[in-house]
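Let me begin by presenting the structure, written as structure tokens, before commenting on it.
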Amino acid sequence: MRESRLLTASELRTGLTAEFQREITIETVAAFCELSGDWNPLHIDETYAGQTNYGRRIVHGAFQVALASEMAGMYLPGRDVVVGSFQCRFPAPLYYPSRVSVQGEITSWLSHSSSGNLRVRVIESSGATLTSEIQVAFLLHEQRRPSPSFSGVKQPQDSAPIVLLTGAKGGIGRKIAEVLSQSYCVIGVVRGSGAETEVANSGNGVSRWITADLAAPDWEDVISEHLASRPLHAIVHAAWPTVPDGGLLDAPLESVRTQLDFGLLGTIRLARFLKSHSSSTGARLIIIGSTYATEKPALNVATYSLAKASIEHGIRLLAPELARSNITINVVAPSFVPVGMNSARTNKVILSETAKVPMGRLCCPEDVARSVEFLLSPGAAFISGQVLPLTGGQL
């Protein structure tokens with residue numbers, strides 16, 4: 001078996017290239033016909049092909065896509081690649097027997113999400129004719145490692161503006177904490193007795209932990225006691241209860257009620273809490289939503305979609321009321337992120353979701369965290385009551 005080239009995430013970069021040559025003969029085309037089941041005579045019957053406008057047998061377009069697959073899997077990026085999608089064009093027919101040059105170039109690479117795009121060009125050597133250009137969106141194999149320690153993250157002084165972060169130990173919450181800890185004093189809210197001890201050793205950019213159940217009737221009193229009269233600069237709400245599967249007709253009413261209470265009533269309670277614990281200069285409330293709300297409702301998690309959609313309507317109604325206290329409220333709505341409720345998805349699902357994104361990669365926790373960072377910045381002071389969808393160009 002041939003051995004694939006191995007390029008690690010740290011070695012990949014935009015502009016990296018590779019090239020190989022391939023002889024295309026009647027034997028290789030016939031072998032492809034056998035594997036694919038495509039015995040169309042245009043590709044294999046010289047007499048038939050001679051009677052068409054092509055005049056000769058031509059190589060399958062899919063054969064050239066297979067050459068792009070060889071480039072991705074064997075040369076660039078090599079062994080750890082998983083292809084998400086192919087986008088092809090065939091500007092000229094490829095006749096055979098012939099010799100082709102297959103040229104690959106990394107046109108984009110995002111190290112934080114281990115995803116990128118590879119452009120593959122198939123050129124017939126004798127006439128230097130471009131016969132196909134194939135855009136390959138790819139990921140690297142997921143490497144499951146222990147959760148990183150952020151003990152080395154710079155921690156602001158106690159005088160830094162306070163951001164209360166719910167869901168701080170989740171996949172998105174951890175990245176938000178890491179990013180915001182550079183400029184804010186991040187207080188993480190976690191659920192369950194002893195939960196703060198469980199996560200404290202991981203650092204994570206959180207200055208202090210509070211144990212509070214946001215579904216409980218008294219969480220406001222619990223958090224107020226920990227704040228000790230210090231005003232909040234912002235609340236970032238990234239927590240969410242377990243998401244039940246299925247549609248609305250079969251879902252237990254208690255499950256529907258739980259999702260709606262946590263989504264809509266939870267947002268109202270957070271808005272009231274922030275209003276009573278902010279300074280006279282104002283504050284920011286940012287809710288992590290989802291494109292599964294009004295952008296693309298998902299029937300397989302219908303109660304979740306409904307609850308997230310209720311948040312979007314809620315923040316629009318809350319915005320003018322909060323504006324009187326110079327408080328903004330907005331939603332950051334990521335599309336499919338392969339963490340949290342999606343962490344157990346199969347590679348097949350991950351690739352399917354990636355193929356839907358024109359940018360060729362999935363939304364990642366850093367995309368969410370940087371959007372939150374922007375909404376906390378002075379540049380977003382006049383933005384309120386809005387939903388910011390993170391779709392990567394999806395319609």
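When the convex hull of the C-alpha atoms of region 317-395 is computed, what volume per residue in Å³ does it have? It would help to have the intermediate numbers written out before the result.
Values: hull volume 8.5 nm³, N = 79.
Considering the Cα atoms of region 317-395, their hull volume per residue is 108 Å³.
Charges at C-beta only: +1 for Lys and Arg, -1 for Asp and Glu. How large is the resulting dipole of region 206-346 about its Cα centre, in Debye rounded to 20?
I would put it at about 520 debye.
Percentage of Cα-Cα pair distances in region 267-324 greater than 20 Å, rounded to whole percent?
Working: 564 of 1653 pairs.
Looking at region 267-324, the distances longer than 20 Å represent 34 percent of pairs.
Lys and Arg at +1, Asp and Glu at -1: add these up for the other residues within a Cβ distance under 13 Å of LEU322 and post the number.
Values: positive: ARG272, LYS275, ARG284, ARG316, ARG324; negative: GLU321.
With Lys, Arg at +1 and Asp, Glu at -1, the neighbours total +4.
THR129's amide H: which non-local residues (gap 5+, or another chain) put their own amide H closer than 5 Å, with H modeled 1.01 Å from N in plane and none for Pro or chain starts?
Residues meeting the amide H criterion: GLU124.
Hey, which lysines would be in cross-link range of LYS308, C-alpha to C-alpha under 30 Å, not counting anything within fewer than 8 residues on its own chain?
LYS169, LYS175, LYS275, LYS296, LYS348, LYS356
So if I take the centroid of the Cα atoms in region 378-395 and the same for region 299-341, what is the distance between those two points in Å?
12 Å
Rg(Cα) of the chain divided by 2.2 N^0.38 Å? If you can, show how the numbers build up before the last one.
Numbers: Rg = 26.6 Å, N = 395, 2.2 N^0.38 = 21.3 Å.
Expressed relative to 2.2 N^0.38 Å, the Cα Rg reads 1.25.
So what's the convex hull volume per residue for the Cα atoms of region 236-395, in Å³? Before the final figure, lay out each step's value.
On the way: hull volume 18.1 nm³, N = 160.
Spelled out: Cα convex hull of region 236-395, divided by residues, is 113 Å³.
Go through 14-24, 60-70 and give me the packing order, highest mean Cβ count within 10 Å leading.
On the way: 14-24: 13.9, 60-70: 18.9.
Averaged packing, sorted descending, gives the order 60-70, 14-24.
Rounded to the nearest 20 Debye, what is the dipole magnitude of region 9-135 about its Cα centre when Lys and Arg each give +1 and Asp and Glu each give -1 at the C-beta? Don't skip to the answer; put the middle values down first.
Values: 9 positive and 13 negative charges, 64 e Å.
That gives region 9-135 a dipole magnitude of about 300 debye.
Would you list TRP240, TRP109 from the most to the least accessible area, probe 1.4 Å?
Values: TRP240 60, TRP109 35 Å².
From most exposed to least exposed: TRP240, TRP109.
Classify region 1-143 as rounded, prolate or oblate, taking a ≥ b ≥ c as the square roots of the eigenvalues of its Cα gyration tensor: rounded when a/c is under 1.5, otherwise prolate if a/b is larger than b/c and oblate if not. Working shown, then result.
Working: a/c = 2.44, a/b = 2.12, b/c = 1.15.
Prolate shape, in that a/c is at least 1.5 and a/b is the bigger ratio.
The values are calculated or read from the model by the stated rules, or taken from the named source; none is laboratory data. As the structure is a prediction and not an experimental result, all values here were calculated from the model. Every residue, glycine as well, gets a Cβ built from its backbone with ideal geometry; the counts of neighbours run over all protein chains shown. We work out accessible area using only protein heavy atoms, side chains counted, and drop any ligands, DNA or RNA first. Shrake-Rupley method; radii C 1.70, N 1.55, O 1.52, S 1.80 Å.
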